[in-house]
Amino acid sequence: MGSHLCDRLLNEGNDVICLDNFFTGNKNNIAQLINLPHFELIRHDIINPIYLEVDEIYNLACPASPVHYQFNPIKTVKTNVMGAINVLGIAKRTKAKVLQASTSEVYGNPEVHPQNESYWGKVNPVGIRSCYDEGKRAAECLMMDYRRQNSVNTKIVRIFNTYGPRMAINDGRVVSNFIVQALQNKNITIYGDGSHTRSFCYVDDMITGLITMMNSADDFYGPVNIGNPAEFTIMQLAQLIIKLTNSSSGIEFQPLPADDPVQRKPDISLAMGKISWKPKVELGEGLSNTIHYFREVLKVK
Ligand code: UDP
């Protein structure tokens, strides 16, 4: 998402400083930007302080795939908490506006469906997902406390499952896993029985949502859900990807990971009402673009 955001912000005439520790990021995704005069890349880990002069900060730092954020969970908490503190420190000093990329994971395994922003969530505080869920919840808390205590202009966006070109082959999340497996005619790995649901937002729609929120009136600071409300079971996703790739893959059922939310679908009335945002790209179209990308990367026809 970060590379797509950089592309869009540069196209819109901004100067962009991109900070990445490249834990999950890939330099190839910003290769087209490296020589542009209004783009700077700094290899930096946001758990360490940094001094920059900026007007706006998009804090997207943190691996978002369960496989990656559980690889080093302590680091995940540090990225969310110390990262947010460092970002807010820059914002306080420079009076920059901060947009925090939060997550639908703050709702945990939700008892309310679809999820709206006033729902406080059902999160296991001591489970294997809590480094991410509680880390992001703490980051939201920090955004609100810096706003109340230090008048920092913060905004919180809760991002629901997002996919698109430039995902890593080994990202581990469901869309990229299924596409890579389908293109290689390997078994599609469904965790559980395939009845869990998710709602998938194409990356271009997500970036529009983030920028629209950043540019919105100062008195609207969220949290606001940004995601695509079209809900699919994981089985439906697998079948659609098999069809779109014309794959001969079979389906292999594997154990469901602990605390895997059973259902997820954003209520986006707030975004539609306050910032006139709603997604435009349907799942079939977004998947086709993503499949095209992975065909090139994997060099399969
Ligand atoms: N999933 C799956 N097979 C995979 C990867 C994920 O069945 O190869 C399931 C996972 O158990 C979850 C859903 O797909 O129910 C979405 O998982 P993902 O890791 O993409 O994101 P999450 O929404 O859980 O953070």
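The values are calculated or read from the model by the stated rules, or taken from the named source; none is laboratory data. Owing to the predicted nature of the structure, the values given are computational and were not obtained by experimental measurement. Cβ placement follows ideal geometry from the backbone for every residue including glycine, while neighbour counts extend to all protein chains displayed. The accessibility values were calculated without ligands, DNA or RNA, using every heavy atom of the protein model including side chains. Shrake-Rupley method; radii C 1.70, N 1.55, O 1.52, S 1.80 Å.
Numbers for the structure displayed
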item	result
Residue satisfying condition, being within 21 Å of the chain's Cα centre (by Cα), at pLDDT 95 or above and within 16 Å of the ligand (Cβ to nearest atom), within set Leu60, Leu5, Leu19	Leu60
Tally of residues being over 16 Å from the mean Cα position of the chain (by Cα) and part of a loop (DSSP other than H, G, I, E, B) across segment 121-152	9
Subset of segment 225-237 that is more than 21 Å from Leu9 (Cα to Cα) and among the β-branched types (Val, Ile, Thr) - its residue that is surrounded by the most Cβ atoms within 10 Å (Cβ to Cβ)	Ile234
Within segment 195-221, considering residues that are in a loop (DSSP other than H, G, I, E, B) and either among the hydrophobic types (A, V, I, L, M, F, W, C) or surrounded by fewer than 18 Cβ atoms within 10 Å (Cβ to Cβ) (or both), the one nearest to the chain's Cα centre (by Cα)	Phe200
Any chance Phe253 is part of a strand (DSSP E or B) and in contact with a Ser or Thr (Cβ under 7 Å, 6 or more places away or on another chain)	no
Test: residue in segment 91-110 that is more than 16 Å from the ligand (Cβ to nearest atom), in a helix (DSSP H, G or I), in contact (Cβ under 8 Å) with a residue 12 or more places away in the chain and open to solvent by less than 60 Å² (accessible area, probe 1.4 Å)	yes
Answer from Leu52, Leu36 - the residue that is in a loop (DSSP other than H, G, I, E, B) and open to solvent by 40 Å² or more (accessible area, probe 1.4 Å)	Leu36
Long-range neighbours under 9 Å by Cβ, at least six apart or interchain, first residue in contact (Cβ under 8 Å) with a residue 40 or more places away in the chain within segment 136-148, second of a type in the set (Asp, Glu)	Lys136/Glu105
Segment 111-129: number of residues that are touching a Pro at 6+ places or on another chain (Cβ under 8 Å) and either crowded, with 23+ Cβ neighbours inside 10 Å or more than 22 Å from Met213 (Cβ to Cβ) (or both)	4
Lys155 vs. criteria modelled with pLDDT of 95 or more and open to solvent by less than 10 Å² (accessible area, probe 1.4 Å)	yes
Subset of segment 173-188 that is within 9 Å of the ligand (Cβ to nearest atom) and open to solvent by less than 20 Å² (accessible area, probe 1.4 Å) - its residue that is nearest to Leu256 (Cα to Cα)	Ile188
Top-ranked residue in segment 22-33 [being of a type in the set (S, T, N, Q) and not in a loop (DSSP other than H, G, I, E, B); ranked as nearest to the chain's Cα centre (by Cα)]	Asn29
Single match in Leu270, Leu240, Leu256 (criterion: within 14 Å of the ligand (Cβ to nearest atom), surrounded by 13 or more Cβ atoms within 10 Å (Cβ to Cβ) and in contact (Cβ under 8 Å) with a residue 60 or more places away in the chain)	Leu256
Some residue of segment 63-76 being of a type in the set (S, T, N, Q) and closer than 20 Å to His4 by Cα	yes
Residue within segment 96-103 that is more than 19 Å from the chain's Cα centre (by Cα), at negative phi and not β-branched (Val, Ile, Thr) present	yes
Qualifying position, being under 30 Å from Lys301 (Cα atoms) and either modelled with pLDDT of 95 or more or open to solvent by 20 Å² or more (accessible area, probe 1.4 Å) (or both), among Asn150, Asn170	Asn170
Single residue of Thr76, Thr24 found to be open to solvent by less than 30 Å² (accessible area, probe 1.4 Å) and of a type in the set (Val, Ile, Thr)	Thr76
